[in-house]
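Note sheet for the following structure.
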Amino acid sequence: MSNEQQYTFSKEELAEIEKIKAKYPDKKPPVMPVLWMAQEKFGHVEPEVQRLVAETLDLPEAHVYGVATFYTQYYKEKMGKYVLDVCTCLSCQICGGYDILHYLEEKLGIKAGETTEDGKFSIQSVECLGACGYAPMMQITNDVYCNHLTKEKVDTILDDLKKDKLPEFEQIPFPQHQNESSKS
Amino acid sequence: MSTDWKSFQPLLIPKIPNLHKIDVYEKNGGYKTLKDILTSKDHTPESVTNTVKAANLRGRGGAGFNAGLKWSFMPKPDGGPRYIAANGDESEPGTFKDRQIFEYNPHQFIEGSIIAGYAMDITAVYVYIRGEYRSWINMFQKAVDDAYAKGYLGKNICNSGFDLDMYVHSGAGAYICGEESSLMESLEGKRGYPRVKPPFPAQKGLWGRPTTINNIETLANVPLIMKNGSEWYTSIGAKTHPGPVLYGISGHVNKPGVYEYPTGMLISDLINEVCGGMRGGKKVKAVIPGGSSTPPLRGDQLDGVRMDADSLREAGSMMGTAGMVIMDEDTDMVDVLWRISHFYHHESCGQCTPCRDGTGFLEKTLIKIKNGEGETRDLDLLLDLCTQIEGRTICALADAAAWPVRYTITRFREDFEKRVKKSAFALA
Ligand SMILES: Cc1cc2nc3c(=O)[nH]c(=O)nc-3n(C[C@H](O)[C@H](O)[C@H](O)COP(=O)(O)O)c2cc1C
Ligand code: SF4
Ligand code: FES
């Protein structure tokens, strides 16, 4: 195998892309969903991946580059297997978001914006993730939300991730529904 | 306020287990209103628009514009495609309500969108959801698939001859894409640069065609109005800003979370009764009523202030998204304001100089003050900068960045004075 990884979409993925194209009246709009598909598959959208997306959609590479670099969730370079996006924005800030960030930095021996040497973890300090009432919180690799974080909860999550066990989706019941049911 | 909030039963997220499942939603009367509208002669697109207009349903995405009135701006159908872009970008710090609809009651939003689609002769609804909400995007896609399977979306809906498609589009991390013209650019597969207005979306929206943008919660209100009438709706909550609303409450209260109550709730009731008071029995120092861009109110300014457009304007703020951030007496407003400014600087798309450079300058100056290296004249400089930023840009992000600076400094000046050295000369 050569060092240069060949990036391609499978037949099934190409069929999926045809379905995505059918949702829009123009050929540009699939660029975001297809970048998402590519990132899902390859873990990032480095220039080579952007080229694949451009070729698949018959768009100029420069256009795909422009889009990929505008949106923060597309990884323009290789990231750790688990990207820990710690919210430090307004509500999380005042509820200890930075404490969680610094605790993670200390535990993993890296700073926000860096990746551990073994390639397992990256940490990022991010803007509001729309979970302000459940602060402090973080998201793992653009997917699972971990709410109401404490140092103990962070310990458990890290131990699990080291064993490649992702936290499950945490349903937070609507408090009004709960209160009423506990009263009646 | 005509509704007693203590006996209020949630309407946007009713207490019905598994309501997100389509058969449960149908069993509880769901999609019946839609069927009635599509199949009875009593309803026309105009009559639906007029009912929503009369209900004074005000947009829940931030600006509070009358939804029916907005719909009436759509030009007469010309046989070509027309769109709704439903705004589920939900990225304004402090806001976390729309995703409750995706999780707990997606079909009410879908039904509302189809009714809106009928009223405006829409061909397709694009639902733009922020990319971080992957779990909720998946949940919502399932609801859309189920609605298609039951014939509520697609061709010939409920045998009425009306066709409508609904597509889910995921963002990828950019607050600016919540601004309506940026959202359309993003949907068109481009960088999310806001457009110069006019032309307005109703004239020239998605792919140059007539488009209406509404917030998710706004559209979820529509079935309620069409089922119960505009008079019923206007009897809920504040007279000039009626209806149920999802209050997303975060910060230093004992029970933060999303609560559904009528508009016009006293802020003090929301803090003390609904959210169980302040953590550790502390005093309220500041309340941001509707997302980070709305001016903060002082804890001693809250007497009688209600969560509706009029009451909040009088108090010196805005309803915004009703994403309330409650801060206790130990909060350092310098730190808070710096973090807010960091957000807007980070999220500026960079098209306009007053915004791109202005937000950077705001943040830089606040870092200086935070580090104890500021002077009193820096405070005046910040206020002056706000004046130079406000109203001079393509979109309202720049205003959203300036307001918190202006009002945090003027209302919490003592926090700032403590951190800065006295200037030998004040700024003229
Ligand atoms: C910078 C900026 C960000 C915005 N973000 C959102 C958002 O995340 N969600 C939203 O519904 N509206 C957002 N808006 C308001 C939209 O532009 C638009 O007014 C709204 O979606 C219209 O829906 P409504 O009338 O139903 O409220 C934003 C506006 C600006 C200027
Ligand atoms: S005001 Fe800011 S965010 Fe809006 S278009 Fe101008 S630079 Fe972009
Ligand atoms: S501020 Fe952290 S999720 Fe909103």
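General remarks:
- Sparsely packed loop sites in segment B:2-49 (the trypsin sites (Lys or Arg not before Pro) outside DSSP H, G, I, E and B with at most 11 other Cβ atoms within 10 Å) comprise B:K41.
- Panel note: contact residues of segment B:117-140 (accessible area lowered by at least 30 Å² against the chain on its own; 1.4 Å probe) correspond to B:Y126, B:R130, B:E132, B:R134, B:S135, B:W136.
- Fraction of the pair-distance distribution of chain B above 35 Å, Cα-Cα pairs, percent: 30
- When shorter helices are ignored and each DSSP H run of at least 4 residues is given -39500 (n - 2.57), the per-residue value for chain A at 222 nm works out to -13000 deg cm²/dmol.
- Over chain B: helical MRE at 222 nm, DSSP H runs n ≥ 4 each giving -39500 (n - 2.57), nearest 500: -12000 deg cm²/dmol
- By accessible area, using a 1.4 Å probe on protein heavy atoms only, chain A has 49% of its surface on carbon and sulfur.
- Annotation for the B:A interface, with buried accessible surface near 4900 Å², both sides summed [1.4 Å probe; non-protein components not counted].
- Spin-label pair A:E117/B:Q9, simplified geometry with 7 Å Cα→Cβ offset, distance in nm: 6.3
- Accessible surface of chain B, 1.4 Å probe: 51 percent of it comes from carbon and sulfur atoms.
- Per-q log10 I(q)/I(0), segment B:194-312, q = 0.13, 0.15, 0.19 Å⁻¹ (Debye; single scatterer per alpha-carbon; no solvent): -0.67, -0.82, -1.06
- Binning the C-alpha pair distances of the protein assembly as shown at 10 Å intervals from 0 yields a P(r) profile of 3, 16, 27, 28, 18, 7, 1, 0 %, listed from the shortest bin outward.
- Segment B:259-354: trypsin sites (Lys or Arg not before Pro) falling in loop per DSSP and having at most 12 other Cβ within 10 Å: B:K283
- Convex hull per residue volume in Å³, alpha carbons only, for segment B:128-224: 123
- Pairs of alpha carbons in segment A:68-113 separated by more than 13 Å make up 63% of all such pairs.
- Relative to the longest principal axis of the Cα atoms of chain B, the long axis of helix B:376-389 lies at roughly 30 degrees.
- Taking the alpha carbon gyration tensor of segment A:11-70, multiplying each eigenvalue by 5 and rooting it gives semi-axes of 17, 14, 9 Å, largest first.
- Vicinal HN-Hα couplings computed from phi for segment A:26-43 (Karplus, 6.51 cos²θ - 1.76 cosθ + 1.60; Hz; Gly/Pro x): 9, 8, 6, x, x, 4, 5, x, 6, 4, 4, 4, 5, 5, 4, 7, 9, x
- Sites B:K76 and B:N18, calculated FRET efficiency, Cβ-Cβ separation with R0 35 Å, nearest 0.05: 0.25
- Net charge dipole, the protein assembly as shown: roughly 960 debye, given to the nearest 20, about the Cα centre with Cβ charges of +1 for Lys and Arg and -1 for Asp and Glu.
- Straightening the chain between B:S160 and B:E314 buys 50.7 nm, computed as 0.36 nm per residue apart minus the Cα-Cα spacing.
- Exceedance of the 29 Å cut-off in Cα-Cα distance is limited, within the set A:K165/B:K142; B:K155/B:K197; A:K19/B:K204; A:K76/B:K364, to B:K155/B:K197.
- Where GluC sites (Glu not before Pro) fall in DSSP loop in segment A:2-44, at most 15 other Cβ within 10 Å: A:E4
- With Cα atoms, 0 to 90° folded angle of helix B:45-54 axis to chain B main axis: 40
- Helix axis angle, B:216-228 relative to chain B longest principal axis, alpha carbon, degrees: 50
- Taking the charge dipole of chain A about its Cα centre, with +1 at Lys and Arg Cβ atoms and -1 at Asp and Glu Cβ atoms, the residue from A:H148, A:P173, A:F121 reaching farthest to the positive side is A:P173.
- Excluding exposed DSSP-loop GluC sites (Glu not before Pro) (at most 15 other C-beta within 10 Å), longest clean stretch of chain B: B:1-328
The values are calculated or read from the model by the stated rules, or taken from the named source; none is laboratory data. Just so we're clear, the structure is a prediction, and the values are computed from it rather than from any experiment. FYI the Cβ positions are ideal-geometry reconstructions off the backbone, even for glycines, and counts take in every protein chain you see. Just so you know, the surface numbers come from the protein's heavy atoms only, side chains and all, with ligands and any DNA or RNA stripped out. Shrake-Rupley method; radii C 1.70, N 1.55, O 1.52, S 1.80 Å.
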